[in-house]
1. Assign unit charges at the C-beta atoms only (+1 for Lys and Arg, -1 for Asp and Glu), then state the dipole size of the chain relative to its Cα centre in Debye, rounded to the nearest 20.
2. With charges only on Cβ, +1 for K and R and -1 for D and E, what is the dipole size of the range 1-64 about its Cα centre, in debye, rounded to 20?
3. For the range 31-91, what is the charge dipole size about the Cα centre, in debye to the nearest 20, if Lys and Arg each add +1 at the Cβ and Asp and Glu each add -1 at the Cβ?
4. Go from 0 up to the bin containing the longest alpha carbon distance in the chain, width 10 Å each, and give me the % of pairs per bin.
5. Compare the Cα positions of Ser83, Gly101, Thr68 along the charge dipole of the range 67-114 (+1 at Cβ of Lys, Arg; -1 at Cβ of Asp, Glu; about the Cα centre) and return the one farthest towards the positive end.
6. Could you give the length gained on full extension between Asn73 and Ala60, defined as 0.36 nm per residue of separation minus the Cα-Cα distance, in nm?
7. Going by accessible area, probe 1.4 Å, with all protein chains left in place, what is the ranking of Glu6, Glu87, Glu46, largest first?
8. Ranking request for peptides 79-86, 38-45, 49-56: highest mean number of other beta-carbon atoms within 10 Å first, then the rest in descending order.
Amino acid sequence: QVQVVESGGGLVQAGGSLSLSCLASGMRLDINGMGWYRQAPGNQRELVATIDNAGTTNYADSVKGRFTISRDNFKTVSLQMNSLKPEDSSVYYCKAVIGIGEYWGQGTQVTVSS
């Protein structure tokens with residue numbers, strides 16, 4: 001059974017930094033890619049950043065130049081968030097694409113105060 005677990009997050013002032021980590025574990029680890037998404041109350045879940053097995057990254061326009069996604073090893077992914085803004089406040093979710101399935105973590109709260 002695959003499990004995806006996020007860590008990090010918390011409360012930070014605008015302009016500050018936070019780092020999120022995600023670990024995928026379980027029997028099946030033929031991971032094709034991993035990524036971070038976020039969802040604020042009343043909003044749809046949106047892409048933040050993704051990274052595939054070749055290291056190719058994709059970022060939402062709103063976070064380009066401020067956030068960096070990295071693959072620490074084949075089953076972990078991190079998101080370094082700098083120059084945070086109040087509008088970055090959200091629940092951040094990690095997704096692992098394993099085989100033909102998608103596996104999500106339970107999310108971690110990021111709150112940026114103005």
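1. On the way: 9 positive and 9 negative charges, 13 e Å.
So the dipole magnitude of the chain works out to roughly 60 debye.
2. On the way: 4 positive and 5 negative charges, 19 e Å.
Rounded to the nearest 20 debye, it is 100 debye.
3. On the way: 7 positive and 6 negative charges, 15 e Å.
Result for the range 31-91 is approximately 80 debye, rounded to the nearest 20.
4. Percent of Cα pairs in each bin: 15, 50, 28, 6, 0.
5. Value: Gly101.
6. Numbers: separation 13, 0.36 × 13 = 4.68 nm, distance 2.28 nm.
The Asn73-Ala60 span can extend by a further 2.4 nm.
7. On the way: Glu6 25, Glu87 125, Glu46 80 Å².
Largest accessible area first, the residues go Glu87, Glu46, Glu6.
8. Values: 79-86: 17.5, 38-45: 11.8, 49-56: 14.4.
The densest-packed peptide leads the list: 79-86, 49-56, 38-45.
The values are calculated or read from the model by the stated rules, or taken from the named source; none is laboratory data. All values derive from a computational prediction rather than experimental measurement. As a convention, Cβ positions derive from the backbone with ideal geometry for all residues, glycine included, and neighbour counts pool all protein chains shown. To get the accessible areas, we keep the full protein, side chains included, count just its heavy atoms, and leave off ligands, DNA and RNA. Shrake-Rupley method; radii C 1.70, N 1.55, O 1.52, S 1.80 Å.
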